[in-house]
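Notes for the one structure printed next.
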Amino acid sequence: MTETALPVTLDRSAAEPLAVQLAEALRAAAADGRLRSGDRLPSTRALAERLGVSRTVTAAAYEQLHAEGWIAGRHGSGTYVTTTPPGSLKGRPRRVSAPEPAVDVIDFAPGAPWAEGLDRAAWRRAWRAAADSLPLFRPQRGGLPEYREVVAEHLLRHRGLAVRGGLREESVLATGGTTAALVELASAVLRPGDVVAVEEPGYQRAVGALRSARIKVVQAPVDSEGLLVEGVPEGVRGVYCSPAHQYPMGGRMSAGRRVALVERARREGWLVIEDDYDGELRYDVAPLPLLAALAPDVVVHLGTTSKILTPTLGAGWMVAPEPIAAEVLAHRDRTGTSPSAAGQRVLVELARTGDLGRHLRKLRRELSERRALVASTLASAGVEVLGDDAGAHVVVLLGDAAEERELLVAAEARGLRLDGLARHHAGRPKVFGVAIGYGACSREQLVDALPVLVELLRPS
Ligand SMILES: Cc1ncc(COP(=O)(O)O)c(C=O)c1O
């Protein structure tokens, strides 16, 4: 349907307000197939001119259809029909036989960073400065010294971890990111057949990384306070957890549990792997002490730039007890591997210029506002939102697998890609619902999506 062919006539003598008539006419056109998913609507101004009504009339009608989820505005590119009312097109042949994809599906899966928020000039500057240094003639297995310095400073400033205090500086290694570091730990430190407990639901790439090295993965339950320490089975060699912001459920491990975990780890000889994937993103209270600060002798701490900058930088870090760090370095030497220097140099430059600090402040401000917007909108519609005031996603629980599947399909049809909780299980799924990542989209997309989310998630 072209914009000019929009099928609308209004009755000025009717009691029904013109905006209501207009919304009804557009709904009816969508229901009988004259308007289809993906059709572009005229601007409120153009339509008002064409119909000879004031712009408030067209704006009110669009607002209503928007709130109902039939149309979506795309910043700078107009308003589109996103879906058609139920029962529409009954018995009518459609233009194409395959189902039409929804307009521009927006990805609300958790985990992607706010790449749009990066200051492009700062980013370019950092890459240019990074390229100025001469290529090294030999790989630095542990990472560039200046990168390890920057990481130590970052950990001190943003995570309260004094690497140079209790730990030797050599224990800070560059990595290619958290998952890459897990793959290394699994083959350099753990042995095939070792058993590692992983949070359930939890980060399935951690499970994949461990299993790829023939490590046996068992599940450890979580609740709103993170990993249940007494739920870790006996006889494990290691425990993987995300205490700052349990992935995907979003809880923070309480201080009591942190102490209980490291005490049990010491008693039973566990290696604790602390995945601090988005630890910099906390908006309410000060962070609790890292597990690595409580027990540097048994904890390997993993950090990444994937959430604060981009996973394409391939730059992360590991803070490990010295013997573990030595094993990782020996493994790198044996296998001729080391994390790429390019991403490390870029982070060094961003830190040196102060651009990293500025970006982090901006990122925290933006994400905390987005979180408040999502949480308050859903809460005011009676939707219970789980997860701490942190990170870049929230969780809403659903009753069972079928409900979760249906919701994901319905959301996709309305142009929103959400993430189901079922896939975050290594064993049989027990917790169902959706994780809604609000970091990667634009603010406009988020605002547009909120009424649709409310409609999809509101308890009936
Ligand atoms: C729980 C968790 N850990 C770690 C990562 C990041 O890993 P990487 O540094 O390998 O990109 C993610 C990203 O999605 C994550 O969700």
Item to check | Using θ = phi - 60° and Karplus 6.51 cos²θ - 1.76 cosθ + 1.60, couplings along the stretch 204-209 (whole Hz; Gly, Pro as x) | outcome: 6, 6, 5, 4, x, 5
Checklist outcome for this item: When the charge dipole of the chain is computed with +1 on Lys and Arg Cβ and -1 on Asp and Glu Cβ about the Cα centre, the Cα farthest towards its positive end, among Ala260, His393, Ala181, belongs to Ala181
Checklist entry - Using 7 Å Cα-to-Cβ label points, what is the Val259/Arg417 separation (nm, one decimal)? => result 4.5 nm
Checklist entry - Just from its helices, what would the mean residue ellipticity at 222 nm be for the chain, if runs of 4 or more DSSP H residues each count -39500 (n - 2.57) and the sum is divided by every residue, rounded to the nearest 500 deg cm²/dmol? => result -12500 deg cm²/dmol
Checklist entry - Roughly speaking, what is the stretch gain from Leu156 to Asp284, that is 0.36 nm per residue apart minus the C-alpha to C-alpha distance, in nm to one decimal? => result 44.2 nm
Next on the checklist: Around Arg405, under 12 Å between beta carbons, what's the net of Lys plus Arg minus Asp minus Glu among the other residues?
Outcome noted: -4
Item to check | Burial ranking of peptide ranges 412-425, 112-125 (average Cβ count within 10 Å, highest at the top) | outcome: 412-425, 112-125
Checklist entry - Near the amide H of Leu271, under 5 Å away, which other amide H atoms are found, from residues 5 or more places off or on another chain, if H is placed in the peptide plane? => result Gly238, Val239
Next on the checklist: Can you compute the modelled spin-label distance between Ser442 and Asp119, with each label point 7 Å from Cα toward Cβ, in nm?
Outcome noted: 2.2 nm
Item to check | Estimated distance in nm for a label pair at Arg458 and Thr312, the labels positioned 7 Å out from Cα along Cα-to-Cβ | outcome: 3.9 nm
Checklist outcome for this item: Heavy-atom accessible area of the stretch 3-81 with neighbours in place, 1.4 angstrom probe: carbon+sulfur share in percent works out to 53 percent
Next on the checklist: Under 20 Å between alpha carbons, and skipping anything fewer than 8 positions from Lys430 in its own chain: which aspartates and glutamates qualify?
Outcome noted: Glu199, Glu200, Asp223, Glu225, Glu230, Glu384, Asp400, Glu403, Glu404, Glu406, Asp419
Next on the checklist: List the residues, sorted by chain then number, that are 5 or more residues from Ile71 or on another chain and whose placed amide H is less than 5 Å from its amide H.
Outcome noted: His66, Thr82
Item to check | Cα-centred dipole magnitude for the chain, charges only on beta-carbon of K, R (+1) and D, E (-1), debye, nearest 20 | outcome: 960 debye
Checklist entry - Could you give the radius of gyration (one decimal) and Dmax (whole number) of the Cα atoms in the chain, in Å? => result 25.8, 85
Next on the checklist: From the phi angles alone, apply the Karplus equation (6.51, -1.76, 1.60; θ = phi - 60°) to the stretch 43-57 and give each ³J(HN,Hα) in whole Hz, x where the residue is Gly or Pro.
Outcome noted: 5, 4, 5, 4, 5, 4, 4, 4, 8, x, 10, 7, 5, 4, 5
Item to check | Between the stretch 275-326 and the stretch 147-226, the Cα center-to-center distance that results, in Å | outcome: 8 Å
Item to check | Positive-end residue, the chain charge dipole about Cα centroid, Cβ charges, pick of Pro135, Leu18, Val452 | outcome: Pro135
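Determine the dipole magnitude for the stretch 3-81: charges of +1 sit on the beta-carbon of Lys and Arg, -1 on that of Asp and Glu, nothing else is charged, the reference point is the Cα centre, and the result goes in debye to the nearest 20.
240 debye
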Item to check | Per residue solvent-accessible surface (Å²) - the chain, probe of 1.4 Å | outcome: 44 Å²
Checklist entry - Looking at Gly354, Leu271, Ala286, which one has the Cα that reaches farthest to the positive end of the dipole of the stretch 271-382 (charges on Cβ: Lys, Arg +1; Asp, Glu -1)? => result Gly354
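The values are calculated or read from the model by the stated rules, or taken from the named source; none is laboratory data. Note that the structure is a prediction, hence the values are computed from the model and not measured. In this analysis, Cβ positions are derived from the backbone assuming ideal geometry, glycine residues included, and neighbour counts consider all displayed protein chains. Accessible surface is based on the protein model in full, side chains and every heavy atom, while ligands, DNA and RNA are left aside. Shrake-Rupley method; radii C 1.70, N 1.55, O 1.52, S 1.80 Å.
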